[in-house]
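The values are calculated or read from the model by the stated rules, or taken from the named source; none is laboratory data. Note that this is a predicted model, so its numbers are computed, not measured. A quick note on method: Cβ atoms are made from the backbone with ideal geometry, for glycine too, and the neighbour counts reach across all protein chains shown.
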Amino acid sequence: MTTASPTASSTASSAIRTIPVELAANAYPVVIGAGGLSRLGPLIRERGFKAGTKVLLVTNPVVMEHYGAAALASLEAADLAASALVIEAGEDQKTPATVAQIHDAAFARKLERGSLIVALGGGVVGDMAGFAAATWLRGIAVVQVPTTLLAMVDAAIGGKTGVNHPGGKNLIGAFHQPRLVLIDPITLATLPEREFRAGMAEVIKYGVIGDAGLFAQLEAAGPIDSIGAVGPELLQTLLERSAAAKAQVVAADEREGGLRAILNYGHTLGHVVETLCGYGTWLHGEAVAIGMAAAGAIAVEMGLWSGAEQARQLALIEAAGLPVRWPALEPQAVLACLQGDKKVRDCRVRFVLPTAIGSVQIRDDVTAEIVQLALAAA
């Protein structure tokens, strides 16, 4: 998979990268740059929103404490009528009830069809605010301002929104593309190390599914389990390459009719881990890491790739400080949970399986016996 080249511009304080998500309708930019949060208001105005537009900023308590004032100040300086809603945003809060809180705020603050919701936070805030925007007045605009590595490289880009159901992750949702994605790497300075490591799972995913060069670059970097270990240059590279990879796949397959399914590498089995272990036991990225290790084990079992390639994948996941061992889950419960996955077609689970570093296949011929053997090995 060849990624699109980002375009560059500059401001007095920092370089800004703009990566286009080139959809036939509703194209939008992903803007990456240190200090970019201060440009939130002007960037929204550049997207065609007029002075006086009502803006509901949705965030969580921790992000509000660190970055809420700066975001609101930028919105207000751009003559946008902004107010904030602070919600709890753990994975266990990603429910229709929490989305209803956003709907209630939209009603109380009289948001109109020309109004805007801004999601400031991680993937959970982005998913819920995006889903609320998709369903308020049959759809109003949303801007994504991710503050976690996982959201920056994956969740904020592509228009997938939704919440969890007791039977499975993200079963309730809608495709609703943002008008803008603004990534400010400075916001990662306050991100807990565990959350940073969880985001690295999605970066490793991009290396396995289509960017062998990125995978090799991460291997050569040594430990990549903290923002300090990664360093600013590699961080900028992985933000740009991950965003460009996601943008290219989304542009080719906006609603996951085919190619986009490769972005689910590690997620099918990762969602099983989250569901059966209980939301919040594992962070999403940690579950994806376990899911990638398990998918690699299935690929070895099926002869799709070698034990040496699986060992490289496991070593890189561990270099990011992420788990690789499959938890002790009842096999029949695993198989039943897989049947509830969103990607099941004609009762056949569709797995994304690696064939080489930088290449994957979508397979629906993985038997229950192979799954059980591979997970026992993992």
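A count restricted to the range 268-282 and to residues that are surrounded by 24 or more Cβ atoms within 10 Å (Cβ to Cβ) and either more than 17 Å from Pro166 (Cα to Cα) or of a type in the set (A, V, I, L, M, F, W, C) (or both) stands at 3.
There is no residue in the range 75-90 that is farther than 16 Å from Pro42 by Cα, assigned to a strand (DSSP E or B) and modelled with pLDDT under 95. Here the condition is being farther than 23 Å from Ala78 by Cα, surrounded by fewer than 24 Cβ atoms within 10 Å (Cβ to Cβ) and touching a residue at least 24 places away in the same chain (Cβ under 8 Å); of Gly162, Gly114, Gly199, Gly123, it holds for Gly162 alone.
In the range 279-303, what residues are of a type in the set (Gly, Ala, Ser) and free of Cβ contacts under 8 Å to residues at least 40 places away in the same chain? Give the derivation first.
First pass over the range 279-303, keeping only residues of a type in the set (Gly, Ala, Ser): 280, 285, 287, 289, 291, 293-297, 299, 303.
Once the filter is applied, which keeps residues that are of a type in the set (Gly, Ala, Ser) and free of Cβ contacts under 8 Å to residues at least 40 places away in the same chain, the range 279-303 yields Ala287, Gly291, Gly303.
Tallying residues that are surrounded by fewer than 15 Cβ atoms within 10 Å (Cβ to Cβ) and within 19 Å of Asp104 (Cα to Cα) within the range 44-64 yields 1.
For the range 218-233, the set of residues classified as part of a helix (DSSP H, G or I) and either touching a Leu at 6+ places or on another chain (Cβ under 6 Å) or closer than 17 Å to Gly321 by Cα (or both) consists of Leu218, Glu219, Ala220, Ile227, Gly228, Ala229, Val230, Gly231, listed by residue number. Look at (1) of a type outside the set (S, T, N, Q); (2) within 21 Å of Ile204 (Cβ to Cβ); (3) buried (at least 20 other Cβ atoms within 10 Å of the Cβ) and you find that Glu309 fails only one, number (3).
So how many residues does the range 317-347 have that are among the charged types (D, E, K, R) and closer than 23 Å to Ala216 by Cβ? Please lay out each step first, then the result.
Residues of the range 317-347 that are among the charged types (D, E, K, R), as a first pass: 318, 325, 330, 341-343, 345-346.
In the following step, the residues that additionally are closer than 23 Å to Ala216 by Cβ were identified as 318.
Looking only at that region, the number is 1.
For the range 216-239, the count of residues that are within 22 Å of Thr355 (Cβ to Cβ), touching a residue at least 24 places away in the same chain (Cβ under 8 Å) and buried (at least 24 other Cβ atoms within 10 Å of the Cβ) is zero. Within the range 68-93, being within 30 Å of Tyr279 (Cβ to Cβ) and crowded, with 23+ Cβ neighbours inside 10 Å holds for Ala71, Ala89.
Among the candidates Val300, Val324, single out the residue that is over 21 Å from Gly213 (Cα atoms) and assigned to a helix (DSSP H, G or I). Give the steps one after another, and end with the answer.
Numbers: Val324 fails: assigned to a helix (DSSP H, G or I).
After ruling out the rest, the residue left standing is Val300.
Do we have Glu193 as buried (at least 21 other Cβ atoms within 10 Å of the Cβ), among the acidic types (Asp, Glu) and on the phi < 0 side of the Ramachandran plot here? Criteria not met by Glu193.
Every test in (1) touching a residue at least 12 places away in the same chain (Cβ under 8 Å); (2) touching a helix residue (DSSP H, G or I) at 6+ places or on another chain (Cβ under 9 Å) is passed by Ser306 save one, and that test is (1). Scanning the range 144-162 for residues that are at pLDDT below 95 and part of a strand (DSSP E or B), we see that the one that is farthest from Lys246 (Cα to Cα) is Gly162. Could you list, in sequence order, the residues of the range 129-173 that are of a type in the set (S, T, N, Q) and farther than 30 Å from Ala320 by Cα? Of everything in the range 129-173, just one residue is of a type in the set (S, T, N, Q) and farther than 30 Å from Ala320 by Cα, namely Thr135. Output yes when any residue across the range 50-63 is modelled with pLDDT of 95 or more, in contact with a Phe, Trp or Tyr (Cβ under 9 Å, 6 or more places away or on another chain) and within 27 Å of Asp92 (Cβ to Cβ), and no when none is. Within the range 50-63, one or more residues are modelled with pLDDT of 95 or more, in contact with a Phe, Trp or Tyr (Cβ under 9 Å, 6 or more places away or on another chain) and within 27 Å of Asp92 (Cβ to Cβ). Among the numbered conditions (1) in a helix (DSSP H, G or I); (2) in contact with an Asp or Glu (Cβ under 8 Å, 6 or more places away or on another chain), the only one that Asn170 does not meet is (1).
State all residues of the range 322-343 that are closer than 12 Å to Thr268 by Cβ and either touching a Lys or Arg at 6+ places or on another chain (Cβ under 7 Å) or of a type in the set (S, T, N, Q) (or both); if no residue qualifies, say none. Answer for the range 322-343, where residues must be closer than 12 Å to Thr268 by Cβ and either touching a Lys or Arg at 6+ places or on another chain (Cβ under 7 Å) or of a type in the set (S, T, N, Q) (or both): Gln339, Lys343. Might you let me know whether the range 91-109 holds any residue that is assigned by TED's automatic domain parsing to the domain that holds Leu56, more than 27 Å from Phe196 (Cα to Cα), over 17 Å from the mean Cα position of the chain (by Cα) and not in a helix (DSSP H, G or I)? Scanning the range 91-109 turns up at least one residue that is assigned by TED's automatic domain parsing to the domain that holds Leu56, more than 27 Å from Phe196 (Cα to Cα), over 17 Å from the mean Cα position of the chain (by Cα) and not in a helix (DSSP H, G or I).
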